[in-house]
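K.L.:
Just passing along the structure, written as structure tokens.
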Amino acid sequence: MKHSKTFPAWLLIAALGHHLPLQAEQLALDVAMTKPFLIAGEKQLAHMRVGLTGFAMPSKEERPPVNVAIVLDKSGSMSGQKIEHAKKAAMQAIDYLGNDDIVSVIAYSHTVSVIVPATKVSDRASIKQKVGQLTAGGNTALFAGVSKGAAEIRKFIDKDRVNRVILLSDGQANSGPSSPKALGDLGASLNKEGISVTTWGLGEGYNEDLMVQLAQRSDGNHTFIESPEQLAGIFKAEFGDILSVVAQEVSVEIRCAPGIRPVKMINRDAEISGQKVFSQFNQIYSNQEKYILLEVEVPATKADTSKKIADVSVSYANMMTETTDKLSSTLSVKFTESKEVVQKSTNERAMTDLVLQQATAYNKQATQLRDQGRIAEAQKLLSDNQTYLETNSNTLNSKALWFYAQEQKADLDSLEDDAKYQLRRKEMRSIQFKNENQQTSY
Amino acid sequence: MSPRLATILALIVLVPLGLLGWLGGKLAKEEQARIQDSLQNLMHQRLADLDQTALKVTGDIEREILGMAQLTKGMPTGENLQERLRQMARENRFLRQIFVRSPDQTFLHPPEETDRMTDQEKAFFERTKSVWESGVQFYTPSNDASQSAGQHGWHAWFWGERINFLIWLQLPDGHLLGTELDTAALLAELIGQLPSEGTPDANIRLVDASGGILYKWGDSEPAQPTLPEAETMLSPPLQMWKLQYFAKSVPTGSVALPFHILASLLAVGIALVGLAIYFYLENTRELRVASHRVSFVNQVSHELKTPLTNIRMYADLLEGQLPEDLPGAHKHLKVITDESRRLSRLIQNVLTFGRSQRQELQLHKTSRTPDVIVLAVLENFRPALETRDFEIHLDLQAGEPMEFDADILEQILGNLISNVEKYGVKGKYVGIATKQTGGSLEIHVTDKGPGIPPAHREEVFRPFHRLSSDLSEGVSGTGIGLPIARDLSRLHGGDLTILDAKEGTTFLLTLK
């Protein structure tokens, strides 16, 4: 180094600047009942909401390094506009990454090509050049594409990195395992390694059930992309998420108090055995809240008493401090004979989320009915759902519920016509996924 | 070109060429088979290497899981055990479920009570129902419990149209610790470890039991669904999966002659055709030379005929004019006459032979008395025969005139008597017997010379053929006298044969 004389001063400034914002930030745990007061004297179902909010990222420079595999569909159906936009957007996305981040690019058709093996993002030009040479043609070996993407991630897998596969597909998986279940299982196993798969369905040809399963069980994002022009924006939003992960390996354990029976987790997979409920998130993004809603059965209890519902404990890897942090909380409920008190005390925020999740569940049911050809039943269900959402949007004063009510209307309009429904179905599945997983960034 | 010559020439070219072609084809076929063989070997080697990759994947998974199983040693029982096992299954990507089965076939984990089971564990029992109902023991039972401890292995079963795997370990206390693998994770790991590129001329596939493609790589895609060039089962525990090798272009079926063999065949063919042409030219040149010679001899003979006739004519004239008292002169003139007669016979023979070669012989029959002709011919020879002390014996019975060609009879007889004069010197005898029977004429000419062995009797009638050297030694001759005599007799509807005789030779001439 030629600058040896100025070095100590430079180091001092850098060190000072680095240490200034250092403070032990924690996730915010918010545990609440949708109704803090329950009617006394009767056995009933109650709902508890457990929310986790990511803290603000201290500074862009301190974000945890990421390890991303971009898995692009280069099958024949992608040729033309689609592949060009995908290439352009992927090349742009390289610029969002820093020199310490790791990226790999995989393209699949009937076979899989590792276009850019996992590498640090230091030579952006050569990475982009390789992406730029992609051409489309062939079948869709989706399972193999994701497997190879995961294999590239695994080369540098590290708990202190954000590990993510981004999968873009516009077609049916038709080479290798191609059932939603097989891809879902793959997602679940990747989830155990801390790898999430974000799935993007482009156009009208992809299998939304498969893409949703894969994203859901690996805790990635999912969206339906109507036109390739949107790709650039979507890449940006996804990288916004990836670059703002503040916690990983988030496990939530709920121990129900004696007498309280856990019935079901409304919006997420969970393991329920006896009094214990276990659920997990692969990551929490900065300034975003993820929540779960648990339905419990509460025994008949005397008025004017209080009852403990559950202990909630959360454990997670703090990406800022690289430590495993724990949070815990206890939740109780009070009993009253006054219905008015019950109504008035309602936690509006928790209640809104519960209505949204239940409406989402109804919407899923409607999808199933329509898939079975039971159009009339689906119409009835969607129409009821719309009313349910509209009513609650008024009482709870929620715009989100009102917006979702409008979606029910759009869904309803698509049911009669097969082609229209097939396209709308992608949107429905995409919104269902976003609701269940609180995917807010896009 | 005569058809025979053409056939011979064609054979000279085609036989070696055919033979070479056949050998070359055989060689090429063998070469092809050898290449195919080594290609097959290569492909199988490639697949065997890939099988090793798969074996390493399953081996690593097995080690990881068995290693993890060691952690369960000394674990608390009951609620806490279940907690720990669930935790382990949650954290390992290859595991769907861990189970512990006691020797009495009840489950310590997952709990058998429905209300303590998670939904996932309920699903596990649903999936594995057929496994437990099959009563499979996993380990090999033994009287000594410590014998079976540590036994481990894989168990595969079908559920939900998919293959599923268990890895089990027999614990020292008689419990069976098992794990259900996540097939998707196993396959993903396998795909991760298998190559994605680098096999330019081939397409390699990993297929499941029903032939469905699990993973494939390589550039070339067979245009139509074909059978793989090579196929191998994966080693256990994945033996229900197969690796298939599809080559882009493997020479199949039709055996094309390789270029070098074709080239050498062509070279040999050209050489043989050249040789055949050379033979043909040589052959025709010789034929031409021979025919030139024949026509030259014919021409010369023809040119000799006129002066010879003049010599004979003037010798005859001179004999009449010569006074009687000059015996020496008469004797000399006789020699001239005899020798010129001999010469004209010779010329006649040559000309007749030439005509017979050209198939120009013709008959000119007139009514004459055979014996008169015989005597006239004999008269010509008499001086020469008497000079050599020949005894002449005549038995002439053909005094009736009949239709025949006198010139031909004269020539045949002349040749026969000349033959006796040459070869019958030892016997010093010539017998001539004539006979007429119903329109045909028979003449026997007998000598008491050394005779002709029966085996050689036909040979004397072949042109330019002369019998053994001791017989013909010191005797001049053209070798065409007897052949001409036979040809002429046959032309005249008869034959010339040699009869069996105690001594010497008897020729039988028949004319019809």
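Every read-out reported here was derived from the displayed coordinates using simple, explicitly stated rules and does not represent laboratory data. Only a predicted model underlies this, so the values are computations on that prediction, with no experimental measurement involved. Positions of Cβ are backbone-derived with ideal geometry, glycine not excepted, and every protein chain shown enters the neighbour counts.
K.L.:
What FRET efficiency would be calculated for the residue pair A:Ser345, A:Gln422, taking the C-beta separation as r and a Förster radius of 41 Å, to the nearest 0.05?
P.N.:
The calculated FRET efficiency here is 0.35.
K.L.:
Remind me, relative contact order of the range A:213-314 in percent, using alpha carbon pairs under 8 angstrom and six or more residues apart?
P.N.:
32 percent
K.L.:
What angle, in degrees between 0 and 90 and rounded to the nearest 10, separates the Cα long axis of helix A:208-218 from the longest principal axis of the Cα atoms of chain A?
P.N.:
Between helix and principal axis, roughly 90 degrees.
K.L.:
A follow-up question, please. Quick one: pull the percentage of alpha-carbon pairs in the range A:106-146 with a separation above 15 Å.
P.N.:
44 percent
K.L.:
Tell me, what is the FRET efficiency for A:Lys380 and B:Phe158 to the nearest 0.05, using R0 = 35 angstrom and their Cβ-Cβ distance as r?
P.N.:
About 0.30, to the nearest 0.05.
K.L.:
What residues have an amide H closer than 5 Å to that of A:Val245, excluding those fewer than 5 places away on the same chain, when H is modeled at 1.01 Å from N in the peptide plane?
P.N.:
A:Ser286
K.L.:
Classify the range A:289-399 from the C-alpha gyration tensor, please: rounded if a/c falls under 1.5, else prolate or oblate depending on whether a/b exceeds b/c.
P.N.:
oblate
K.L.:
Separate question: Around A:Val71, which amide H atoms from residues at least 5 apart in sequence, or from another chain, sit under 5 Å from its own amide H, with H modelled in the peptide plane?
P.N.:
Under 5 Å from the amide H of A:Val71: A:Ile106, A:Ile166, A:Leu167, A:Leu168.
K.L.:
Right, another one. Any idea what Rg and Dmax come out to for chain B if you just take the C-alpha atoms, in Å?
P.N.:
Answer for chain B, Rg first and Dmax second: 56.5, 174 Å.
K.L.:
In whole Å, what three semi-axes, largest first, describe the equivalent ellipsoid of the range B:304-343 built from its Cα gyration tensor (square root of 5 times each eigenvalue)?
P.N.:
20, 11, 5
K.L.:
For the range B:1-160, what does the relative contact order come out to in percent, with C-alpha contacts under 8 Å and a separation of six or more?
P.N.:
Reported as a whole number, the value is 8 percent.
K.L.:
Next question, about the same structure. If I stretch the segment between B:Glu403 and B:Trp22 completely, what's the gain in nm (0.36 nm per residue apart, minus their alpha carbon distance), one decimal?
P.N.:
130.5 nm
K.L.:
Taking A:Lys426 as the anchor, which lysines have their alpha carbon closer than 16 Å to its alpha carbon, excluding any fewer than eight residues away along the same chain?
P.N.:
A:Lys364, A:Lys409, A:Lys434
K.L.:
What distance in nm lies between label points placed 7 Å from Cα along the C-beta direction at A:Asp95 and B:Thr226?
P.N.:
4.8 nm
K.L.:
What's the FRET efficiency of A:Glu226 with A:Thr391 using the Cβ-Cβ distance as r and R₀ = 25 Å, to the nearest 0.05?
P.N.:
E(calc), rounded to 0.05, equals 0.25.
K.L.:
Nearest 10 degrees, 0 to 90: what angle lies between the long axis of helix B:259-321 and the longest principal axis of chain B (Cα atoms)?
P.N.:
Around 0 degrees separate the two axes.
K.L.:
Hey, another quick one. Between Rg and the Kirkwood Rh of the range B:261-306, both from Cα atoms, what is the Rg to Rh ratio?
P.N.:
1.49
K.L.:
To continue, here is another question. In terms of the Cα gyration tensor, with a ≥ b ≥ c the square roots of its eigenvalues, is chain A rounded because a/c is under 1.5, prolate because a/b exceeds b/c, or oblate?
P.N.:
oblate
K.L.:
So what's the angle, to the nearest 10 degrees on a 0 to 90 scale, between helix B:406-423 and the longest Cα principal axis of chain B?
P.N.:
Orientation of helix B:406-423: about 80 degrees from the principal axis.
K.L.:
Sorted from largest down, give the three principal axis spans of the alpha carbons of the range B:322-463, whole angstrom values.
P.N.:
Cα extents, longest axis first: 49, 37, 35 Å.
K.L.:
Follow-up question, since we're still on this one. At a threshold of 8 angstrom on Cα-Cα distance, excluding pairs fewer than six apart, so keeping six or more, what relative contact order does the range B:266-370 reach in percent?
P.N.:
Relative contact order comes out at 32 percent.
K.L.:
At what distance in nm do the modelled label points of B:Glu339 and B:Lys56 sit from each other, each positioned 7 Å from its Cα along Cα→Cβ?
P.N.:
11.5 nm
K.L.:
To continue, here is another question. Say each of A:Glu249 and B:Ala6 gets a label point 7 Å from the Cα, pointing the same way as Cα to Cβ; how far apart are those two points in nm?
P.N.:
Once both label points are built, they end up 9.7 nm from each other.
K.L.:
To continue, here is another question. Quick check on the protein assembly as shown: what does the Kirkwood estimate of hydrodynamic radius come out to from the alpha carbon pairs, in Å?
P.N.:
Here the Kirkwood hydrodynamic radius works out to 38.9 Å.
K.L.:
Report the dimensions of the range A:68-222 along its three principal axes from the alpha-carbon atoms, largest first, rounded to Å.
P.N.:
37, 37, 22
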